[in-house]
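Trainee: Take this structure first; my questions come after.
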Amino acid sequence: MTTAIDTARFFLRLAADEEPEAAPLTHMHVQKLLYYVQGLSLAYRDAPMFEDEIQAWRHGPVVASVYPVFSCYGGNPVPGSEATPVSIRQEDRGFIRTVWDSYRGHSVFALSQMTHEEAPWKDAREGYDRNEPSTEEITQDSLKEFFSEMCARKMQQDSGITSEQVEEAEDDAKNGRVTAWETLRSQFA
């Protein structure tokens, strides 16, 4: 399985490969991208991208194991030299790249604001004052639930397919009431 630090370094590599088109990433930017890749991986692939815990810090979601690696840069861009070669499976690279393509245009402030409005961070921070420190975990279950619902809403907006229709199709597939495309094609070839 991919680690959070390898995922972070791969995001840095993607940003470095696109300079000057893409703005260099700050540590905070990397932390928000880790949150989104983890949530979307749980929703789309039914598996985490990494096992590292995400915590609900006062400035948003933070992967605590990654924090000390890049915290020395503060709010400054993390240099491209930190984008060292990483060992990531090809399918994970493709998924991370897809998340990068979706979120690279958002400023760090926009990403921070987005995470502050989303249930996983808000729920984990429940009972804390706005500026009070916290190391509460943002659970994989809360990420999966939130991002699955978000993806279902987006799919319905984009295609007109409802989440009920998707669930019905998944149930049909699970219970053998669907014929694979390859099977149909071979029968008529």
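Trainee: Count, please, the residues in segment 130-153 that happen to be assigned to a loop (DSSP other than H, G, I, E, B) and farther than 16 Å from residue 47 by Cα. Steps first, answer last, please.
Mentor: Step one: filter segment 130-153 for residues assigned to a loop (DSSP other than H, G, I, E, B), giving 130-136, 139.
Next, from what is left, pick out any that are farther than 16 Å from residue 47 by Cα: 130-136.
Looking only at that region, the number is 7.
Trainee: Considering each of 167, 132 in turn, give the residue that is among the charged types (D, E, K, R) and in contact (Cβ under 8 Å) with a residue 60 or more places away in the chain. Steps first, answer last, please.
Mentor: Working: 167 fails: in contact (Cβ under 8 Å) with a residue 60 or more places away in the chain.
Matching residue, one of 167, 132: 132.
Trainee: Farther than 24 Å from residue 145 by Cβ, buried (at least 17 other Cβ atoms within 10 Å of the Cβ), under 14 Å from the mean Cα position of the chain (by Cα) and of a type outside the set (Asp, Glu): is that true of residue 97 in this structure?
Mentor: So residue 97 does not fit the description; no.
Okay, residues lined up against (1) farther than 14 Å from residue 3 by Cα; (2) part of a helix (DSSP H, G or I):
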{"residue": "24", "(1), (2)": "yes, no"}
{"residue": "28", "(1), (2)": "yes, yes"}
{"residue": "31", "(1), (2)": "no, yes"}
{"residue": "87", "(1), (2)": "no, no"}
{"residue": "111", "(1), (2)": "yes, yes"}
{"residue": "128", "(1), (2)": "yes, no"}
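Trainee: Now, a different point. If you take the residues of segment 59-85 that are farther than 23 Å from residue 45 by Cα and assigned to a strand (DSSP E or B), which of them is modelled with the highest pLDDT?
Mentor: Across segment 59-85, the extreme among qualifying residues is 60.
The values are calculated or read from the model by the stated rules, or taken from the named source; none is laboratory data. Since the structure is predicted, the reported quantities are computational estimates derived from the model, not experimental observations. As a convention, Cβ positions derive from the backbone with ideal geometry for all residues, glycine included, and neighbour counts pool all protein chains shown.
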